[in-house]
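The values are calculated or read from the model by the stated rules, or taken from the named source; none is laboratory data. A quick note: this is a predicted structure, and the numbers were derived from the prediction, not measured. In this analysis, Cβ positions are derived from the backbone assuming ideal geometry, glycine residues included, and neighbour counts consider all displayed protein chains.
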Amino acid sequence: MSVKGYILDLDGVICDTAGFHFKAWCRLAQEYGVTLDHQDHENLKGVDRETSLRYILGKADIHPDHSLLQRDMERKNQWYLDMVAGMTPDDLFPGTLQFLNRAKEHNIRIALGSASKNARLVLQKLNIEHLFDAIVDGSIVENGKPHPETFLKAAHLLQLKPEECIVFEDAPSGIRAAIAAGCTVIGIGKPESLKGARVVIPSLASFVPHH
Ligand code: BG6
Ligand code: MG
């Protein structure tokens, strides 16, 4: 089936906000005496805010009630937003604009498929929101990755079948979600962390389309 759409994850694919998320989670984890390592970073990538917090509190053997969850999600988010506040279009990963423009020239429809409730804000900071035909973010998805909902919604909004879409993902949870949705998935990052992807490339800049 020919490729008609690209669905891009945001954090870690378009810009380095995956690093911001991890920094903020590390800060919170430290308060509970927990040090997060590289494997924790991989496990947390692509995972929604509440599930991420539960993962960290689980490591500290804490069984949170509703108010603790709300308080710590808000604190982590504020630290994250403080980092995002300083972002500019210069924070796009190199080659992202060329990738998007080349797709447009070939009439490929483009969607965002992110777990983040801050996704639109980040796209605005990067000045690329207008380049997306559809945006699926954490505010409109009920079941986070690895559930396929994010990518099924994105394909639907693009009026395409999932099989007509390529997903670009840096997260193990996102790779699983894309496969479950029936999309082709290209991993962005290192092959050892992104098993299941059709191919893994270091960044969008190294993607060579077959059209
Ligand atoms: C994903 C990130 O894109 O969004 C995760 O990879 C993050 O690290 C998740 O937890 C939710 O983001 P937010 O901005 O809604 O807390
Ligand atoms: Mg990501």
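Could you tell me which residue of the range 97-149 is nearest to residue 12 (Cα to Cα), considering only residues that are more than 16 Å from ligand 1 (Cβ to nearest atom) and either of a type in the set (Asp, Glu) or not assigned by TED's automatic domain parsing to the domain that holds residue 159 (or both)?
In this case the residue turns out to be 133.
Of all residues in the range 112-139, how many are in a loop (DSSP other than H, G, I, E, B) and more than 14 Å from the chain's Cα centre (by Cα)?
4
Does residue 77 satisfy the criteria of being at pLDDT 95 or above and either among the aliphatic types (A, V, I, L, M) or within 22 Å of residue 175 (Cα to Cα) (or both)? Let's see the steps before the verdict.
On the way: at pLDDT 95 or above: yes; either among the aliphatic types (A, V, I, L, M) or within 22 Å of residue 175 (Cα to Cα) (or both): no.
Taking the combined requirement at face value, the residue does not satisfy it.
Can you tell me which of (1) hydroxyl-bearing (Ser, Thr, Tyr); (2) surrounded by 15 or more Cβ atoms within 10 Å (Cβ to Cβ); (3) assigned by TED's automatic domain parsing to the domain that holds residue 174 is the one residue 80 doesn't meet?
(3)
Which condition from (1) surrounded by 17 or more Cβ atoms within 10 Å (Cβ to Cβ); (2) more than 13 Å from ligand 2 (Cβ to nearest atom); (3) within 20 Å of residue 22 (Cβ to Cβ) is the one that residue 190 breaks?
Against the list (1) surrounded by 17 or more Cβ atoms within 10 Å (Cβ to Cβ); (2) more than 13 Å from ligand 2 (Cβ to nearest atom); (3) within 20 Å of residue 22 (Cβ to Cβ), residue 190 comes up short only on (1).
Quick one: in the range 22-38, which of the residues that are free of Cβ contacts under 8 Å to residues at least 60 places away in the same chain and within 16 Å of ligand 2 (Cβ to nearest atom) is surrounded by the fewest Cβ atoms within 10 Å (Cβ to Cβ)?
Step one: list which residues in the range 22-38 are free of Cβ contacts under 8 Å to residues at least 60 places away in the same chain, which gives 22, 24-38.
Now restrict to residues that are within 16 Å of ligand 2 (Cβ to nearest atom): 22, 24-25, 38.
Numbers: 22: 21, 24: 20, 25: 23, 38: 9.
Applying the filter and picking the extreme gives 38.
Could you say whether any residue in the range 146-161 is in contact (Cβ under 8 Å) with a residue 60 or more places away in the chain, under 30 Å from residue 78 (Cα atoms) and part of a helix (DSSP H, G or I)?
yes
Suppose the filter is within 20 Å of residue 143 (Cβ to Cβ) and touching a residue at least 24 places away in the same chain (Cβ under 8 Å); does residue 54 pass it? Let's see the steps before the verdict.
On the way: within 20 Å of residue 143 (Cβ to Cβ): yes; touching a residue at least 24 places away in the same chain (Cβ under 8 Å): no.
Taking the combined requirement at face value, the residue does not satisfy it.
Of the residues that make up the range 163-176, is at least one under 16 Å from residue 2 (Cβ atoms), part of a helix (DSSP H, G or I), touching a residue at least 24 places away in the same chain (Cβ under 8 Å) and touching a Pro at 6+ places or on another chain (Cβ under 7 Å)?
No: zero hits.
Within the range 73-92, does at least one residue satisfy the condition of being farther than 26 Å from residue 205 by Cβ and in contact with a Leu (Cβ under 6 Å, 6 or more places away or on another chain)?
yes
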